[in-house]
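Since the structure comes first, as structure tokens, the remarks are kept for the end.
The values are calculated or read from the model by the stated rules, or taken from the named source; none is laboratory data. Please read all numbers here as calculations on a predicted model, not as lab measurements. As a convention, Cβ positions derive from the backbone with ideal geometry for all residues, glycine included, and neighbour counts pool all protein chains shown. Accessible surface areas use protein heavy atoms only, side chains included; no ligands, DNA or RNA. Shrake-Rupley method; radii C 1.70, N 1.55, O 1.52, S 1.80 Å.
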Amino acid sequence: MQGKVREREIDSSLNHLYVVLMRLGFFDGSPKYESLGKDDVCTKSNIELAAQAAREGIVLLKNNQTLPLSHHKVKTLAVVGPHANATAAMIGNYAGSPCRYTAPIDGFSRYGKVKYKMGCGDIACKNDSFIFPAMKAAAQADATIVLAGLDLSVEAEGLDRTDLFLPGYQTQLINQVAEVAKGPVVLVILSAGGVDISFAEENPKIGGILWAGYPGEEGGRAIADVVFGRYNPGGRLPLTWHTADYVDMLPMTSMTLRPDPSLGYPGRTYKFFNGSVVYPFGYGLSYTRFNYTLTPAKQSVHIRPGSLDYCRDLDYGPGAKRPPCPAAPVEDLDCGRHHIDFEVEVRNAGTRDGSDVVLVYSKPPDGILGTYMKRVIGFKRVFVGAGSSQKVHFKIDACKGLELVDYAANRVLPSGVHSIVIGDDIVSFPFQVNFS
């Protein structure tokens, strides 16, 4: 016994837990659910929902006019790699029992004749003897799909990765298959975390790259639908894919997000890291092109704090203009009445229907030290037909959208000119915060 937690604290936590379980009827049974079985869960609509969720999550990372493949021109497919016949690996962890699995080789079989070769014995890929059969298949097929990546033997709770590379001989497999392939080569990565695949991004013989995450039970069908253009990808990366040397910059004894120049520590997440990356947070391509037009309703707010002694100081860099009142605690402000209200017109300038995820970022006023470079404050997915447009409305709480956390862990709203940015700095507008 170490005495770190009092018995009454454990009793209190257990009391909260069991009250919730009782409210949910955990101890009374659930008669209306007890008669439900697999046939009630594994309906046609639910299986299609699993496929659609997988389609929407797929991110197009590279496309040198290779994708989508044409099923009229591509009759034979070499589907190779350690994830080519993935089943349980597709659902990751924290998953229930799947209704069925549609592996990638099954999904691609709907579009052409598939020649399947493992390429690796498993994800660890420690034996390169499987590479040659995959090369032979690629040399004979109209197109080649390489499915590589990670699984729970590499990344999971209680299991740390030691680098950001693909395991074992996977990189060699991809390069050698691409070198001898008769037709176009598409690389599909299954993983949760980012992988340094700079080699594939820079390889002109690899025409397209997709990231599918762990796409679930219908992942194989979803991947094939995207590759052959039945679905236009619109997913965005939910994390930064760093280059491999990033792990050497991190002092693992420090969990701070902010960079520390004195240690050569670059900072964590897209909010604080501004070095070179393989793919940035929020990145994702499409088979069409989207243009944005902004129509902001107003570009300033005047907020009256509830306390007379409301001003809080912030650290500013040399030469930065310090306002009379740099910031105010969010808890002292009537935030519910003040919003950033604007519309974005999304125009599909291409020839294919598609979905776009409109990402909205805020950037703090210039000169403030130790704060984020930008952060997501809103996003919406919108479907836009080819040649048409849709308007997307955003109404964002000004305090929640523009606040920052200072070094003392206080949530404060800085005064001055903030920037509201749509997408990757495609369009933006200033937003002034004044205290009165």
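Taking segment 1-47 as the range and being surrounded by 10 or more Cβ atoms within 10 Å (Cβ to Cβ) and touching a residue at least 12 places away in the same chain (Cβ under 8 Å) as the test, the residues that pass are V41, C42, N46, I47.
Considering segment 297-310, the residues that are of a type outside the set (G, A, S) and part of a loop (DSSP other than H, G, I, E, B) include one that is modelled with the lowest pLDDT, namely L308. Within the option set G183, G194, being more than 15 Å from V146 (Cα to Cα), touching a strand residue (DSSP E or B) at 6+ places or on another chain (Cβ under 6 Å) and buried (at least 18 other Cβ atoms within 10 Å of the Cβ) holds for one residue only, G194.
Scanning segment 136-177 for residues that are open to solvent by less than 20 Å² (accessible area, probe 1.4 Å), within 12 Å of V80 (Cβ to Cβ) and either at pLDDT below 95 or not hydroxyl-bearing (S, T, Y) (or both) turns up A137, A138, A141, A143, I145, V146, L147, A148, Q170, L173, I174, V177. Scanning segment 213-241 for residues that are open to solvent by 10 Å² or more (accessible area, probe 1.4 Å), under 22 Å from D151 (Cβ atoms) and either in a loop (DSSP other than H, G, I, E, B) or out of contact with any helix residue (DSSP H, G or I) (no Cβ under 9 Å at 6 or more places or on another chain) (or both) turns up Y214, P215, G216, E217, P238, L239, T240. Identify all residues within segment 197-212 that are open to solvent by less than 10 Å² (accessible area, probe 1.4 Å) and either among the basic types (K, R) or within 17 Å of Q65 (Cβ to Cβ) (or both); write none if there are none. Hits for segment 197-212 are A200, I206, G207, G208, I209, L210.
Under the condition of being among the charged types (D, E, K, R) and closer than 25 Å to A78 by Cβ, the residues counted in segment 145-160 number 1.
When restricted to residues that are open to solvent by 50 Å² or more (accessible area, probe 1.4 Å), free of Cβ contacts under 8 Å to residues at least 60 places away in the same chain and closer than 21 Å to C399 by Cα, segment 327-359 contains 3. In a loop (DSSP other than H, G, I, E, B) and touching a His at 6+ places or on another chain (Cβ under 7 Å) - does that describe any residue in segment 198-212? Within segment 198-212, not a single residue is in a loop (DSSP other than H, G, I, E, B) and touching a His at 6+ places or on another chain (Cβ under 7 Å).
Residues checked against (1) open to solvent by 70 Å² or more (accessible area, probe 1.4 Å); (2) part of a loop (DSSP other than H, G, I, E, B); (3) touching a residue at least 40 places away in the same chain (Cβ under 8 Å):
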{"site": "Y246", "(1), (2), (3)": "no, no, yes"}
{"site": "Y292", "(1), (2), (3)": "no, no, yes"}
{"site": "T295", "(1), (2), (3)": "yes, no, yes"}
{"site": "K321", "(1), (2), (3)": "yes, yes, yes"}
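Here is a check on your reading of the model: is S355 closer than 19 Å to D425 by Cα, in contact with a Phe, Trp or Tyr (Cβ under 9 Å, 6 or more places away or on another chain) and not hydrophobic (A, V, I, L, M, F, W, C)? In short, no. The sole residue among G168, G194 that is touching a residue at least 12 places away in the same chain (Cβ under 8 Å), touching a Ser or Thr at 6+ places or on another chain (Cβ under 8 Å) and in a loop (DSSP other than H, G, I, E, B) is G194. Please verify whether K271 is touching a residue at least 12 places away in the same chain (Cβ under 8 Å), more than 30 Å from S109 (Cα to Cα), in a loop (DSSP other than H, G, I, E, B) and of a type in the set (K, R), treating the condition exactly as stated. So K271 fails the test. Hey, does segment 361-368 have a residue that's assigned to a strand (DSSP E or B) and of a type in the set (S, T, Y)? Yes: one or more hits. Can you say whether P133 is under 13 Å from G81 (Cβ atoms), touching a Leu at 6+ places or on another chain (Cβ under 7 Å), open to solvent by less than 60 Å² (accessible area, probe 1.4 Å) and not acidic (D, E), as far as the supplied structure shows? No.
Let me confirm something: among L60, L24, which residue is under 30 Å from P280 (Cα atoms) and either modelled with pLDDT under 90 or touching a Leu at 6+ places or on another chain (Cβ under 8 Å) (or both)?
L60
Filtered by the rule that a residue be over 27 Å from P326 (Cβ atoms), assigned to a strand (DSSP E or B) and free of Cβ contacts under 8 Å to residues at least 40 places away in the same chain, segment 381-436 gives V382, F383. For segment 219-240, the criterion of a residue being of a type in the set (D, E), modelled with pLDDT of 95 or more and farther than 18 Å from L285 by Cα is satisfied by no position.
Taking the condition in contact with a Leu (Cβ under 7 Å, 6 or more places away or on another chain), at pLDDT 95 or above and open to solvent by 40 Å² or more (accessible area, probe 1.4 Å), does F379 pass? Criteria met by F379.
Where strands (runs of 3 or more DSSP E) fall entirely within segment 17-128, those with at least 3 residues that are under 22 Å from the mean Cα position of the chain (by Cα) are at 59-63.
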